[in-house]
1. Between residues in segment 104-121 that are in contact (Cβ under 8 Å) with a residue 24 or more places away in the chain and of a type in the set (V, I, T) and residues that are surrounded by 21 or more Cβ atoms within 10 Å (Cβ to Cβ) and part of a helix (DSSP H, G or I), which pairs lie under 8 Å by C-beta distance while being six or more apart or on different chains?
2. Mind checking which residues of segment 36-51 are closer than 22 Å to L90 by Cα and surrounded by fewer than 18 Cβ atoms within 10 Å (Cβ to Cβ)?
3. Output yes when any residue across segment 173-192 is exposed (fewer than 14 other Cβ atoms within 10 Å of the Cβ), touching a residue at least 12 places away in the same chain (Cβ under 8 Å) and closer than 20 Å to S146 by Cβ, and no when none is.
4. Inside segment 62-111, can you point out the residues that are in a helix (DSSP H, G or I), over 11 Å from the mean Cα position of the chain (by Cα) and among the charged types (D, E, K, R)?
5. Could you tell me whether segment 47-61 includes any residue that is of a type in the set (V, I, T) and under 22 Å from E114 (Cβ atoms)?
6. Filter segment 132-145 for residues that are in a helix (DSSP H, G or I) and either in contact with a Cys (Cβ under 9 Å, 6 or more places away or on another chain) or surrounded by fewer than 17 Cβ atoms within 10 Å (Cβ to Cβ) (or both) and give the result.
7. If G163 satisfies every condition in (1) touching a residue at least 24 places away in the same chain (Cβ under 8 Å); (2) surrounded by fewer than 20 Cβ atoms within 10 Å (Cβ to Cβ); (3) not hydrophobic (A, V, I, L, M, F, W, C) but one, which is the exception?
8. Would it be correct to say that S44 is in contact (Cβ under 8 Å) with a residue 12 or more places away in the chain, among the polar types (S, T, N, Q) and within 19 Å of E132 (Cα to Cα)?
Amino acid sequence: MNKKILIYCLSLFILMSCAGLLTGYDARKSFEQGMALFNQGKYSDALPYFEKALELEPEFTQAYIYLGRTHLNLRQWTQAIQPLRTAYRLSPGETRREALNFLLDALIGGALAELKQGNYSSSIGYLREALEVDPASGKAKSELVSTLLAYGGALLSEGNYSGAIKQFTEAVQLSPGNFDAYRGLVKSFVKNGDYLSAIKTVNDAMKIAPTDQDRSLLQDMLRP
C-alpha cells in the first residue's frame with residue numbers, strides 16, 4: 001500500500017513538473033514573439049505578447065523589462081514605470097543596472113510629462129523616486145531642483161507662502177549652490193512675514209551670489 005502511494009505521489013510530481021515546463025515554454029514563446037515585433041519597431045503589436053508572457057510567468061524579469069521598454073518607445077511613460085519597477089526588484093545583479101537605467105528613463109519621462117500638464121506634485125514624486133533608486137543620477141537631481149523651483153514660484157504667485165517655502169527649502173538642500181533657490185526662499189520668507197529667516201537666508205545666499213548686482217538684489221528684497 002505504501003509503495004502504491006509512493007508511486008502515485010511520484011507520478012503526480014512528474015505531471016506537475018511537466019505542467020510547469022509547459023507553462024515556461026508558453027511564456028518563453030510569447031516573449032519571443034513579442035521580441036520579434038519589438039525588434040521590427042512594431043511596439044503596439046508587441047505589447048500583448050509581453051503581457052501574455054507575464055500572465056504565464058509572473059516573475060519573468062526580461063518580460064517586465066521589455067514591456068517597460070515597449071511603453072517607453074511609445075512614450076507612454078507612466079505605463080512603463082510599474083513593469084520597470086518590478087523588473088528592478090526582480091533583477092539579479094548582472095541585469096539590475098539595465099533595469100535601473102530604463103526605470104530612470106520612465107520616471108524622468110513621466111515627471112516631465114506631468115510637469116507639462118501642471119501636475120507639480122506628481123512630477124516631484126516621480127523625480128524623488130528616481131533619485132531614491134539612484135542617488136548618483138545627476139539628471140534626476142537637476143530635474144527635481146528645477147521642478148521644485150517652478151512649483152515654489154507657482155505657489156508664491158498664488159499667495160501660498162508656506163508651501164513655497166517648503167519647495168524652495170528642499171531645492172536649497174539638494175543644490176546648496178543654486179542662487180535662484182535662495183532668492184525664491186528669501187522672497188517667500190519676506191512675503192510670509194518671517195524677516196529673521198529671510199535675513200539668515202540672505203546671509204547664506206551672499207556667499208554664493210554670482211555678481212555684485214545679485215548681492216544688491218538680495219539686500220533690496222529685505223527693504224520694506
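The values are calculated or read from the model by the stated rules, or taken from the named source; none is laboratory data. It should be emphasised that the depicted structure is a prediction, and the values quoted were computed from it without experimental measurement. Because the Cβ atoms are built from the backbone with ideal geometry, glycine has one as well, and the counts that use them run over all protein chains shown.
1. If the second residue must be surrounded by 21 or more Cβ atoms within 10 Å (Cβ to Cβ) and part of a helix (DSSP H, G or I), the pairs left are I108/Y126; I108/L127; I108/A130; I108/A140; I108/E143.
2. Within segment 36-51, P48, E51 meet the criteria.
3. As a first pass, look at segment 173-192 and keep what is exposed (fewer than 14 other Cβ atoms within 10 Å of the Cβ): 173, 176-177.
Adding the requirement that they be touching a residue at least 12 places away in the same chain (Cβ under 8 Å) leaves 176-177.
Narrowing further to those that are closer than 20 Å to S146 by Cβ: 176-177.
Yes, that holds for at least one residue.
4. Here is the first cut: in segment 62-111, the ones in a helix (DSSP H, G or I) are 62-73, 77-90, 93-111.
When the remaining residues are screened for being over 11 Å from the mean Cα position of the chain (by Cα), the result is 62-73, 79, 83, 86-90, 93-99.
Across segment 62-111, the qualifying residues are R69, R89, E94, R96, R97, E98.
5. Quick first cut of segment 47-61, residues of a type in the set (V, I, T) only: 61.
So of that shortlist, the ones also under 22 Å from E114 (Cβ atoms) come out as none.
Checked against the condition, which is being of a type in the set (V, I, T) and under 22 Å from E114 (Cβ atoms), segment 47-61 yields no hits at all.
6. If we filter segment 132-145 for residues that are in a helix (DSSP H, G or I), which is where we start, we get 132-133, 138-145.
Across segment 132-145, the qualifying residues are E132, V133, G138, K139, S142.
7. Result: G163 passes all but (1).
8. Details: in contact (Cβ under 8 Å) with a residue 12 or more places away in the chain: yes; among the polar types (S, T, N, Q): yes; within 19 Å of E132 (Cα to Cα): no.
The answer is no for S44.
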